[in-house]
Amino acid sequence: MTGRLLLGCVADDYTGASDLANTLAKSGLRTVQTIGVDGLALAPDDAEAIVVALKSRSIEPEDAVRLSVEAWRHLKERGARQCYFKYCSTFDSTERGNIGPVTDALMAETGATMAVACPTFPENGRTVYQGHLFVWAQPLDESPLRDHPLNPMRDANLVRVLQAQSGTRVGLVPWQDVAAGGQAIRARLAALQGQGIGAAIVDAITLDDLTVIGAACHDHPLVTGASGLAAGLAANFIKAGAAAGQGSTDLPPVAGPEVLIAGSCSPATLAQVERAAARYPVIRLDVDAVLSGRDEVARVAAEARGHLGERPMLIVSSATPDDLRRVQETHGRDAAGRAVEQALAAVAAALAGAGARRFVVAGGETSGAVVDALGVQALRIGPEIAPGVPAMVGLGERAFALALKSGNFGGPDFFADALGVMP
Ligand SMILES: Nc1ncnc2c1ncn2[C@@H]1O[C@H](COP(=O)(O)OP(=O)(O)OP(=O)(O)O)[C@@H](O)[C@H]1O
Ligand SMILES: O=C(O)[C@@H](O)C(=O)CO
């Protein structure tokens, strides 16, 4: 089938997908986010960009490759002209991947001979200089990402990080080339290719840098990065007349009780939870109870039901780094994380069953679990709540209003901000 599809995107988590969809919609492309490939059936024929959200960031590399290639094949079949692989602006990876293995596989699928990799997201303080990723003023390995619950990032040198997980040789396009403009970037990429290098971390500090890099990649079958670089690709399509630049971020209104959920343990979310606790009732998931098999879901859902429809309530599992360490040492990092996500998701499903229709969720993995439990398959993209976070409404039978926030995103009043912007 061929439609209006220009950019086919594969994202390695759900909030990252929303972040990318937000950028593309703001940049003027008619954009839809689907949850896996099953949601593609709900994407309208006139979509110019589709972002397929996977949960492939911290799974086994073989599974991440299989899911990503499958997603891209579906997008290509719908007519996508260019492939975008979206990962985290803090380059979240496990020791074996999955940014490298998925990039290698998508290169083979798309026939790309050079994969540009650029996680820069200036509005959220992520910049890359001489291949080193900074989170605001801190190198990645000195930032809070050092203690991420699932993907602790202990090296800021992205050439080294990507090389350790890639079959392709990895090089660098330094900022001096980016500052010199598109021709210099293309010349450096050609020179790297001449040395047998197939993937390149590209430095970028500002939105202007990203625009220049995006323009230089207009004919690349595959581009990889966080959401920032994709704006340049949208601009290419609009400039070439392939897209009209008339995407809309209007959403239909969704009435119904509101539920706020925080499963992220990032400093930004911890501060947002503290601020929200002054406005909304807070219900804390007892993580030890969840992990010892007690029916914590029923307890939390019952308490939350008492507020449903009267006022939003905040359901929280988030813990400080010390508490998190204790739980993880006792129960194992992955097992604890999955159990907590599933418990929060089960509470969300129970509340949806009781009538809740508007959900704000903090944390990528947590959002993934909640969206799956709600049965949402595709999302229409609305106005921006904070950089990287749009308001959204589910397409299909149950039109939930949703805001899915990456752990570190949003201002101190994010939960109230989200409820104010959601339709
Ligand atoms: N108290 C807790 N003890 C152990 N694990 C927890 C606890 N609270 C949350 N978690 C787990 O920590 C992980 C947080 O990941 P999540 O992706 O939701 O947030 P994040 O990493 O901050 O966000 P992002 O990936 O968008 O940056 C989840 O697996 C969640 O279940
Ligand atoms: O790029 C980002 O930082 C986010 O979209 C994300 O993926 C965080 O999990």
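Computed quantities for the displayed model
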item	result
Residue in segment 114-133 that is hydroxyl-bearing (Ser, Thr, Tyr) and open to solvent by less than 10 Å² (accessible area, probe 1.4 Å) present	yes
Residue check for residue 264: within 16 Å of ligand 2 (Cβ to nearest atom), touching a residue at least 40 places away in the same chain (Cβ under 8 Å) and open to solvent by 10 Å² or more (accessible area, probe 1.4 Å)	yes
Selection status of residue 167, open to solvent by less than 20 Å² (accessible area, probe 1.4 Å) and under 25 Å from residue 83 (Cα atoms)	no
Matching residues, segment 369-385, being touching a residue at least 40 places away in the same chain (Cβ under 8 Å) and either open to solvent by 10 Å² or more (accessible area, probe 1.4 Å) or of a type in the set (Val, Ile, Thr) (or both)	370, 371, 372, 376, 377, 380, 381, 383, 384
Some residue of segment 15-23 being open to solvent by 10 Å² or more (accessible area, probe 1.4 Å) and either away from ligand 2 (no atom under 16 Å from the Cβ) or in a loop (DSSP other than H, G, I, E, B) (or both)	no
Any chance residue 41 is in the same structural domain as residue 123 (by TED's automatic domain parsing) and in contact with a helix residue (DSSP H, G or I) (Cβ under 7 Å, 6 or more places away or on another chain)	no
Meets criteria (at pLDDT 95 or above, more than 11 Å from ligand 1 (Cβ to nearest atom), surrounded by fewer than 16 Cβ atoms within 10 Å (Cβ to Cβ) and of a type in the set (D, E, K, R)) for residue 279	yes
Lone qualifier among 177, 203 - being under 27 Å from the mean Cα position of the chain (by Cα), of a type in the set (Asp, Glu) and surrounded by 19 or more Cβ atoms within 10 Å (Cβ to Cβ)	203
Residues being over 15 Å from residue 230 (Cα atoms) and under 20 Å from the mean Cα position of the chain (by Cα) - total across segment 37-61	15
Residue satisfying condition, being among the aliphatic types (A, V, I, L, M), under 27 Å from the mean Cα position of the chain (by Cα) and open to solvent by less than 30 Å² (accessible area, probe 1.4 Å), within set 300, 361	361
Conditions (1) under 23 Å from residue 104 (Cα atoms); (2) more than 16 Å from ligand 1 (Cβ to nearest atom); (3) assigned to a strand (DSSP E or B): number failed by residue 134	(1)
Subset of segment 335-345 [open to solvent by 40 Å² or more (accessible area, probe 1.4 Å) and either near ligand 1 (Cβ under 8 Å from one of its atoms) or modelled with pLDDT of 95 or more (or both)]	338, 342
Among (1) in a helix (DSSP H, G or I); (2) surrounded by fewer than 21 Cβ atoms within 10 Å (Cβ to Cβ); (3) not small (Gly, Ala, Ser) - the single one residue 95 does not satisfy	(1)
Single match in 47, 80 (criterion: of a type in the set (A, V, I, L, M), open to solvent by 10 Å² or more (accessible area, probe 1.4 Å) and not in a helix (DSSP H, G or I))	80
Segment 398-423 residues that are β-branched (Val, Ile, Thr), paired with ones that are away from ligand 1 (no atom under 14 Å from the Cβ) (beta carbon under 6 Å, 6 or more apart)	421/383; 421/385; 421/391
Enumeration of residues in segment 386-407 that are within 16 Å of ligand 1 (Cβ to nearest atom) and either buried (at least 24 other Cβ atoms within 10 Å of the Cβ) or charged (D, E, K, R) (or both)	388, 389, 390, 392, 402, 403, 404, 405, 406, 407
Matching residues in segment 236-287 - criterion: being over 25 Å from residue 333 (Cβ atoms), in contact with a helix residue (DSSP H, G or I) (Cβ under 6 Å, 6 or more places away or on another chain) and in a loop (DSSP other than H, G, I, E, B)	243, 245, 247, 249
Matching residues, segment 210-235, being in a strand (DSSP E or B) and touching a Pro at 6+ places or on another chain (Cβ under 8 Å)	225
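Condition check ((1) within 20 Å of residue 362 (Cα to Cα); (2) open to solvent by less than 60 Å² (accessible area, probe 1.4 Å); (3) out of contact with any His (no Cβ under 9 Å at 6 or more places or on another chain)) across all residues:
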site	(1), (2), (3)
243	no, yes, yes
247	no, yes, yes
258	yes, yes, yes
275	yes, no, yes
306	no, yes, yes
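So that you can scan it fast, the table gives a plain yes or no per residue for (1) over 29 Å from residue 33 (Cβ atoms); (2) in contact (Cβ under 8 Å) with a residue 24 or more places away in the chain; (3) within 16 Å of ligand 2 (Cβ to nearest atom):
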residue	(1), (2), (3)
276	no, yes, no
283	no, yes, no
301	no, yes, no
341	no, yes, yes
353	no, no, no
367	no, yes, yes
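The values are calculated or read from the model by the stated rules, or taken from the named source; none is laboratory data. Owing to the predicted nature of the structure, the values given are computational and were not obtained by experimental measurement. With ideal geometry, Cβ positions are generated from the backbone for all residues, glycine too; neighbour counts draw on all protein chains shown. Just the protein is used for accessible areas: all its heavy atoms, side chains included, with ligands, DNA and RNA removed. Shrake-Rupley method; radii C 1.70, N 1.55, O 1.52, S 1.80 Å.
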